[in-house]
Amino acid sequence: MTTSVKCESGVAVDAMQLTWHGHSTWHVEVGSTSLLIDPFFENPKTDADPDRLDPDYLLLTHGHADHVGDVDRYEGTTLVATPELVEYCRDNSGDFDAVGGMGMNLGGTVEVGDAFVTMHRADHTNGIETTYGASGGMPASFIVSDTRPAKVADEESTTFFHAGDTSLMTEMRDGLDVDYAFPMHYDTFPPIEIDTGEFERAIEGNAPGAEAIVLDGDETFDLEAHL
C-alpha cells in the first residue's frame, strides 16, 4: 500500500505534517487541525503511546481489525467514515460524533477544521470480523487537502492521499501526479513483509517525477520543509 503527497514549491500553504505510526496509521496535522487515520498501534513499527494522541478527527478507511483496532481509545472524537462504520463504532467502541451526524459517503467532501477531506473509492473488502459478519459499507481512501477541492487551482494546494487498502486502479496510474510516495501497510505480519528497496525502484521506474520516502515508525515528514 502507498500514500502520496502532491504539493507545489513556492506556494504558501497551511502547515501540513505527516507522522507514520506503522501499518496504515497516520497522524496528519493541517494548520491547527489534527487527524488520525486508521488507528492500529499493535504493530512493530511504533513505540508511540496512543493515549497521548488527542486527534480532532478520526478517519477510518474500512472496518478490518488492523485499521480500527484502537478506535475505542478515542471515544468522543468526531468520526469521518461511512455510515455503516460509524454505526458499528458506536455500537462497539463508545460514544462518537460523526461528520453530518451519520458519516459520509464516497465522493463527498467535508470541511474539518483547517482541512478538507474527500472520501474516494478503494477496491478492497470490508467485512468486520464479528460473530455476525457485519459489513462496514464500501471501503474507502481519503484525500486530505488544505484547500477545498475544485475551488482552488491544484498548484495552490497541498494534498495527502491515503490509499487505504485499495488494489491498483487505473486512476492511480493516470491521475495522481504526486511529488512524494510513502510505503505503508508492510512488515506488520509475515505475509506482508517486503523489501522497501523494491518499492523505491518501482517508484523510480514507474513514476520518475515522484520521490520515494521510506519513513521510520513514528517519524514525521514536514511538507513545509520540502516546498
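Any read-out appearing in this document is the output of simple, stated calculations on the displayed coordinates, not a laboratory observation. Computed from a predicted model, the values in this text were never measured in an experiment. Cβ placement follows ideal geometry from the backbone for every residue including glycine, while neighbour counts extend to all protein chains displayed.
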Item to complete: Work through the residues other than Asp91 whose Cβ is under 12 Å from its Cβ and net out their charges, Lys, Arg +1 and Asp, Glu -1.
Response: -3
Worksheet, complete the sentence: Farthest towards the positive end of the dipole of the chain, among Thr147, Thr77, Pro208 and with Cβ unit charges of +1 on Lys and Arg and -1 on Asp and Glu, lies the Cα of Thr147
Response to the item:
Taking every other residue with Cβ under 12 Å from the Cβ of Gly217 and scoring Lys and Arg +1, Asp and Glu -1, one gets -4
Worksheet item: Between Asp51 and Glu200, what is the FRET efficiency for a Förster distance of 45 Å, r being their Cβ-Cβ separation, to the nearest 0.05?
Response: 0.85
Worksheet entry | Burial order of peptide ranges 36-44, 20-28 (average beta-carbon count within 10 Å, highest first) | 20-28, 36-44
Worksheet entry | Highest-first arrangement of 59-70, 182-193, where packing means the average Cβ count within 10 Å | 59-70, 182-193
Practice prompt. Report the paramagnetic label zone for Asp91: residues of the stretch 102-127 whose backbone N is under 19 Å from a point 7 Å from Cα along the Cα-to-Cβ axis.
Written response: 102-105, 126-127
Worksheet item: So between Met169 and Thr109, what do we pick up on full extension, going 0.36 nm a residue minus the alpha carbon distance?
Response: 19.5 nm
Worksheet item: Listed highest first by mean packing, meaning other Cβ atoms within 10 Å per residue, what order do 79-87, 47-55 come in?
Response: 79-87, 47-55
Discussion item. If I model a spin label as a point 7 Å beyond the Cα along the Cα-Cβ vector, how far apart are those points for Thr125 and Phe189 in nm?
Written reply: 1.0 nm
Worksheet, complete the sentence: Given a Förster distance of 35 Å, the FRET efficiency implied by the Cβ-Cβ spacing of Ser32 and Asp72, rounded to the nearest 0.05, works out to 0.85
